[in-house]
Structures are given as structure tokens and as C-alpha cells.
Amino acid sequence: MTRTPHPRRTVAAAGASAAAALILVCATPAGADPNPPPTAGDPTPSAPVQIDPNSPDLKLPEGATLAPPKVLDIVSVTDQGSVSASQPEERQETSNTTVTYALQAEVLFTKDSAKLSATATSRIQAIAGDINAQHVTSPIRVFGFTDNLGSSEHGDVLSKQRATAVYNVLAAQLATLGDPAHTFQVRGYGEQYPIADNSSESGRRENRRVEITFTPPASS
């Protein structure tokens, strides 16, 4: 479980005509209180600032209107076959606009190779089944990424070879399912657009991936 630059998780909503103070109260697990009571000598906290709801500064200029509320993006994430919570073998990210499957390179290929394993083939075929079931007509993006080890030129070549290998299986399976009429974008971005810190092996593992992204038809 794509990036051109890589779109990610943003939620926005239109504001209201009057300002309000929002206080979030979070539950704290049992243990030491992270906010102990003040001790002698500590400055006394000031009272909250009072807001005059009738202040002209809180009113829209005459003739102005608020933009309609709009949700830009909401993302749900599903991990499969995780070695640990931060190391999923396959991650599916579903937003209100796109679906992305990110597959770890270690699951798909042997080290420094673009030859797919049998397990990888079955995973890609399952993704093809999802694309077919959702009646996708938009272009399907298959993008490869590597970590920052080795030369950037090698990473560019390897990531494109891996993306192409995934594309070959995906396109063939869609044709088998009677759904061959698709446009694909197949690219290798090498070490560009990391999603984790390349200074650790766990981070580099996350960055070595192939992503399949598509846009399902809008619900009627």
C-alpha cells in the first residue's frame, strides 16, 4: 500500500462566522501526572482571554460570504501481514479520492532484484481483483521507490524495473478478468519521496516499496 509529490492525509473544513475557543482534553494512562499542581514560586496562570461575540472584528464584511464546507481528504489505512505495527508487508490507504496499495520490496523481490516471487504474484493478482471489482476506469499508477543506499542512478533503474515487473502481472491479471482496457503510468523514482527515515534499516525497509494507485469511480 503513489507520489508526484506524494499526496497525504489532509482534512479541512470551512470555518464559522464567529470565533470560538476549542479545548481538547486527552485521557492520560495511569502513572505520573504529566501536569502536576504548581509549587510555590511558580507564576500564576492568567485567566482565559474573554471574547466579545458582538465584536465587529468577528463579523464578515458586508456582502462577503463563507466558502462552502469542503473535505479535502480523509484517509483510512489497513495493514496486512505486519511483522510489527510499523513494518507492514502490504498497506492499503483509502481516501475519498484514491486507493493506494504499498507493497514492501522484500515481499515482492529478493535483494537488489526485480524478479517477482510467487507470493508477490498472488498479492498483485488480488489487487487486480479489487480494481476489477470497483470498475476502475482512471489511469492506474505503478510507482517504484528505493532507499538511499547505493548510487541514485542505480536506485532509479532498479525502482523502474520493479515497477515494470508489478505492472506486467497487474495488466495480465486484469486482462484475464476481462478488464484489459486500462491506461497505466509506470515510473521509478529511486530514493525520491521517502516515507520514513533512511538513517535506520527499519526506515529504509519502509522506503523500499512499489505503490499501486487508482481512483475508483465516484459513487452515484
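The values are calculated or read from the model by the stated rules, or taken from the named source; none is laboratory data. Everything quoted here is computed from the prediction, not taken from an experiment. Quick reminder, even Gly has a Cβ in these numbers, built from the backbone with ideal geometry, and neighbours come from all protein chains shown. For accessibility, only protein heavy atoms count, side chains too; no ligands or nucleic acids. Shrake-Rupley method; radii C 1.70, N 1.55, O 1.52, S 1.80 Å.
What number of residues within the stretch 103-130 satisfy the criterion of being open to solvent by 20 Å² or more (accessible area, probe 1.4 Å), of a type in the set (A, V, I, L, M, F, W, C) and either at pLDDT 90 or above or touching a His at 6+ places or on another chain (Cβ under 9 Å) (or both)?
3
Out of the stretch 96-106, which residues are farther than 14 Å from Ile131 by Cβ and either in contact with a helix residue (DSSP H, G or I) (Cβ under 6 Å, 6 or more places away or on another chain) or small (Gly, Ala, Ser) (or both)?
Across the stretch 96-106, the qualifying residues are Ala102, Ala105.
Could you list, ordered by first residue, the pairs with Cβ atoms under 7 Å in which the first is in the stretch 183-194 and farther than 26 Å from Ala172 by Cβ and the second is open to solvent by less than 60 Å² (accessible area, probe 1.4 Å), at least 6 apart or interchain?
Close Cβ pairs satisfying both conditions: Glu191/Thr146; Glu191/Asp147; Glu191/Ser152; Glu191/Gly155; Tyr193/Arg3; Tyr193/His6; Tyr193/Phe145; Pro194/Asn207.
Would you pick out the residues in the stretch 115-130 that are more than 16 Å from Ala171 (Cβ to Cβ) and not in a helix (DSSP H, G or I)?
Passing the criteria: Lys115, Ser117.
Just to verify a result, which residue in the stretch 51-88, among those that are touching a Ser or Thr at 6+ places or on another chain (Cβ under 7 Å) and surrounded by 13 or more Cβ atoms within 10 Å (Cβ to Cβ), is modelled with the highest pLDDT?
This residue is Pro88.
Test Thr110 against the stated conditions and say whether it is touching a Leu at 6+ places or on another chain (Cβ under 8 Å) and of a type in the set (Ser, Thr, Tyr).
It is false that Thr110 is touching a Leu at 6+ places or on another chain (Cβ under 8 Å) and of a type in the set (Ser, Thr, Tyr).
Any residue in the stretch 147-158 that is within 24 Å of Thr98 (Cβ to Cβ) and among the polar types (S, T, N, Q)?
No, the stretch 147-158 has no match at all.
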